[in-house]
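Below is one structure, written out as structure tokens, with a few remarks after it.
The values are calculated or read from the model by the stated rules, or taken from the named source; none is laboratory data. All figures in this text were calculated on a predicted structure; none of them were measured in a lab. Every residue, glycine as well, gets a Cβ built from its backbone with ideal geometry; the counts of neighbours run over all protein chains shown. Ligands, DNA and RNA are excluded from the accessible area calculation, which covers all protein heavy atoms including side chains. Shrake-Rupley method; radii C 1.70, N 1.55, O 1.52, S 1.80 Å.
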Amino acid sequence: MPELPEVETIRRGIERHLKGRTITRVEGEGGRLVRKNAQGMIDLHTHLTDAVVTGVERRGKFMWLLLEDSDLSLVIHLGMSGHVRVVDTSAEPLARHEHVRLALDSGKHASFIDPRMFGHLTISPLVEDPSGRLIPEGAVALAPDPLEDVPLDTWTKPLGKTRRFIKTALLDQAIVSGIGNIYADEALFRVGINGLERASSLPSETVTRVVEMSRDVMVEAVEVGGTSFDSLYLNTDGDPGYFARSLHVYGREGEPCLVCGALIVRENVNGRSHHYCPSCQPPPEES
Ligand SMILES: [Zn+2]
């Protein structure tokens, strides 16, 4: 499943190819990939044909296209297996799993491909969030993500208050959006704390370090194009990301810790896997 660094990598690719471009034609109906918004608007052809893309923004795993002279956006959510590919346009019919194609005045087109169809495309009005940023209506319940330029206490305050496990709280999109399993495990390893610590029991400096490390690990992942475990995640040019080579705990169950040599453990925490080094990140006494 694409997490924030993969979505950000794709956002950059979409921006590079679509910003300033006119959408000349929309091909494909999109099937259940296209969702109604709260006003019942659904039709991509009506809202996107001849629209000029003025920007491509993101919060957490939600991306959206800004359109010139419009208070509507096109929300792109990749779900489990969605991706966006930008190629030279052709008269070929839509391929299997290719649901929508946006033809551009550059001679290229952007394809929305999703084998499992858990992603979605939605025409969504823009509304102001508490910080004054315009974001699509459907994403307004999401907290800012760690790559956004907002005060640190946006995240540390709610994290410091919850009695939930720190791992679980980090995955709560209403506290901090866009941190998924991979990067939560990697951030906790770097701070040296176990995901089963109660968030509210941690010193405030530790909570701050967790947020800072979450940001660092995602910035580093974006620099190498995200993490590809399989062909389901590729960027807009069809290339994989290379952060899997930098993972310390995620996906390394039973392998030696790169710092101390202890064997990495994988446990279930509230239905999600938690990978950690039992020596660098000892479990708390209470659990
Ligand atoms: Zn270790």
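If a residue must be in a loop (DSSP other than H, G, I, E, B) and surrounded by 13 or more Cβ atoms within 10 Å (Cβ to Cβ), how many such residues does the stretch 260-278 contain? Step through it out loud before you land on a result.
Going through the stretch 260-278, the residues in a loop (DSSP other than H, G, I, E, B) turn out to be 260-262, 264, 270-271, 277-278.
Retained after the next criterion (residues that are surrounded by 13 or more Cβ atoms within 10 Å (Cβ to Cβ)): 262, 264, 277-278.
Selection size over the stretch 260-278: 4.
Can you list residue pairs whose Cβ atoms sit under 8 Å apart, with the first residue in the stretch 263-275 being farther than 9 Å from Asp185 by Cβ and the second being surrounded by 16 or more Cβ atoms within 10 Å (Cβ to Cβ) and among the aromatic types (Phe, Trp, Tyr)? Count only pairs 6 or more apart in sequence or on different chains.
What qualifies is Ile264/Tyr276; Val265/Tyr276; Glu267/Tyr276; Val269/Phe165; Asn270/Phe165.
Just one of Leu196, Leu234 is closer than 30 Å to His83 by Cα, assigned to a loop (DSSP other than H, G, I, E, B), touching a Pro at 6+ places or on another chain (Cβ under 8 Å) and in contact (Cβ under 8 Å) with a residue 24 or more places away in the chain; which is it?
On the way: Leu196 fails: closer than 30 Å to His83 by Cα.
Testing whether each residue is closer than 30 Å to His83 by Cα, assigned to a loop (DSSP other than H, G, I, E, B), touching a Pro at 6+ places or on another chain (Cβ under 8 Å) and in contact (Cβ under 8 Å) with a residue 24 or more places away in the chain leaves just Leu234.
If I filter the stretch 245-257 for residues that are at pLDDT below 85 and away from the ligand (no atom under 15 Å from the Cβ), do I get at least one hit? Before the answer, list the steps.
Just the residues of the stretch 245-257 that are at pLDDT below 85, to begin with: 245.
So of that shortlist, the ones also away from the ligand (no atom under 15 Å from the Cβ) come out as 245.
For the stretch 245-257, residues at pLDDT below 85 and away from the ligand (no atom under 15 Å from the Cβ): present.
I need the full set of residues from the stretch 253-272 which are within 22 Å of the chain's Cα centre (by Cα) and either among the basic types (Lys, Arg) or in the same structural domain as Glu15 (by TED's automatic domain parsing) (or both), in order please.
Arg272
If I go through the stretch 34-63 residue by residue, how many of them are aliphatic (A, V, I, L, M), open to solvent by 40 Å² or more (accessible area, probe 1.4 Å) and within 14 Å of Ile76 (Cβ to Cβ)? Even if it seems obvious, please write down each step before you answer.
We begin by selecting, within the stretch 34-63, every residue aliphatic (A, V, I, L, M); these are 34, 38, 41-42, 44, 48, 51-53, 56, 63.
Still in the list and also open to solvent by 40 Å² or more (accessible area, probe 1.4 Å): 38, 41-42.
The next check asks that each one be within 14 Å of Ile76 (Cβ to Cβ); those that pass are none.
The qualifying residues number 0.
Within the stretch 1-40, can you find the residues that are closer than 15 Å to Val84 by Cα and of a type in the set (Asp, Glu)?
Selection gives Glu3, Glu6, Glu8, Glu15, Glu27.
Which of (1) under 17 Å from Leu18 (Cα atoms); (2) open to solvent by less than 40 Å² (accessible area, probe 1.4 Å); (3) not in a strand (DSSP E or B) is the odd one out, the single condition Asp69 does not satisfy?
(2)
Could you check the stretch 5-33 and list, in sequence order, the residues that are within 13 Å of Gly225 (Cβ to Cβ) and either in contact with a helix residue (DSSP H, G or I) (Cβ under 9 Å, 6 or more places away or on another chain) or part of a strand (DSSP E or B) (or both)?
Pro5, Glu6, Glu8, Thr9, Arg12
Check Gln281 against each of (1) within 16 Å of the ligand (Cβ to nearest atom); (2) outside any loop (DSSP other than H, G, I, E, B); (3) in contact with a Leu (Cβ under 8 Å, 6 or more places away or on another chain) and name the one condition it does not meet.
For Gln281, the failing item is (2).
In the set Gly271, Gly225, Gly238, Gly261, which member is out of contact with any Asp or Glu (no Cβ under 6 Å at 6 or more places or on another chain), within 16 Å of the ligand (Cβ to nearest atom) and of a type outside the set (Phe, Trp, Tyr)? Full working, then the answer.
Details: Gly271 fails: within 16 Å of the ligand (Cβ to nearest atom); Gly225 fails: within 16 Å of the ligand (Cβ to nearest atom); Gly238 fails: within 16 Å of the ligand (Cβ to nearest atom).
Result of the check over Gly271, Gly225, Gly238, Gly261: Gly261.
Since Leu126 meets every condition but one in (1) open to solvent by less than 50 Å² (accessible area, probe 1.4 Å); (2) at pLDDT below 95; (3) of a type outside the set (S, T, N, Q); (4) not in a helix (DSSP H, G or I), which condition does it not meet?
(2)
Which of the residues that make up the stretch 85-116 are out of contact with any Lys or Arg (no Cβ under 8 Å at 6 or more places or on another chain), free of Cβ contacts under 8 Å to residues at least 40 places away in the same chain and of a type in the set (Val, Ile, Thr)?
Matches in the stretch 85-116: none.
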